[in-house]
Amino acid sequence: MLSRAVLLREVCVSSRLLTVLLNYCQAINRFCETADARFGVITTLRINGVKKEIPWKAFKLSDSDWVRVTELIEILKDVDQVQQVFSAAQLPTLWKAIPEFERLQTAWEKKERDAKYALYAPGIRLALDKLKKYYCDFDDKPVFVLALYLHPYYKLAYISRAWGGAKEQAAERAKGNKHAKNWLLEAETIVKSTVRH
């Protein structure tokens with residue numbers, strides 16, 4: 001099974017590769033149109049004794065296929081941006097984990113609802129489910145809250161703004177959510193239990 005870091009890197013490489021392919025779409029299609037005459041078929045399959053030749057022109061992409069490549073790039077670009085945030089060589093980036101996960105989640109939720117990406121909605125849903133699994137892992141790792149707390153700009157303001165405190169907890173409970181949490185109090189508890197001196 002691939003680690004999260006390897007999986008993230010592979011998705012980013014895919015995004016960049018698709019971008020390069022898109023830049024050369026005319027040349028790729030021209031090659032696929034003419035390669036059979038120059039090189040012969042790309043491969044031959046034998047299935048149950050029947051020989052089937054696969055020509056290069058079978059790999060030519062239509063205009064609608066190239067539109068799909070563009071749409072995939074737009075979806076994968078969100079992950080690539082997150083990966084770039086964590087690629088700083090000389091600056092700490094741990095404090096960015098929670099905000100970047102939330103930014104990615106918001107971007108993909110918006111794309112999942114967008115009719116333009118309807119074809120990809122099931123895949124985006126699966127990706128969001130996987131992202132949620134990793135995001136929930138933050139609950140068991142107080143270091144991410146501490147990283148936000150130690151950041152000179154954010155402190156606990158990000159948690160208060162993004163997740164809410166007592167007021168938001170009361171509003172959620174009024175809506176019937178018995179499990180609503182005061183996230184600011186949760187974060188303060190983590191800080192107090194970890195930073196004692």
Original post:
How far is helix 63-85 tilted off the main Cα axis of the chain, in degrees rounded to 10, range 0 to 90?
Top reply: 40
**OP:** Would you give the gap between the C-alpha center of the range 56-72 and the C-alpha center of the range 92-120, rounded to a whole Å?
**Re:** 25
Original post:
When the Cα atoms of the chain are enclosed in a convex hull and the volume is divided per residue, what value in Å³ results?
Top reply: 204
Original post:
How far apart, in nm, are two points set 7 Å out from the Cα along the Cα-to-Cβ line at ALA27 and at ALA180?
Top reply: 5.8
Original post:
Cα centroid distance between the range 122-139 and the range 148-197, in Å?
Top reply: 21
Original post:
Measuring from label point to label point, each 7 Å out along Cα→Cβ, what is the LYS155 to LYS192 span in nm?
Top reply: 1.7
Original post:
Using 7 Å Cα-to-Cβ label points, what is the THR44/PHE86 separation (nm, one decimal)?
Top reply: 4.8
Original post:
Whole-Hz Karplus ³J(HN,Hα) for the range 101-113, in order, using 6.51 cos²θ - 1.76 cosθ + 1.60 and θ = phi - 60°, x for Gly and Pro?
Top reply: 4, 5, 5, 5, 4, 4, 4, 6, 5, 5, 5, 4, 8
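Rule-based calculations on the coordinates, nothing more; no lab input. Note that the coordinates shown come from a computational prediction; the quantities given were computed from them, not determined experimentally. Here the Cβ is made from the backbone with ideal geometry for all residues, glycine too, and neighbour counts use every protein chain on show.
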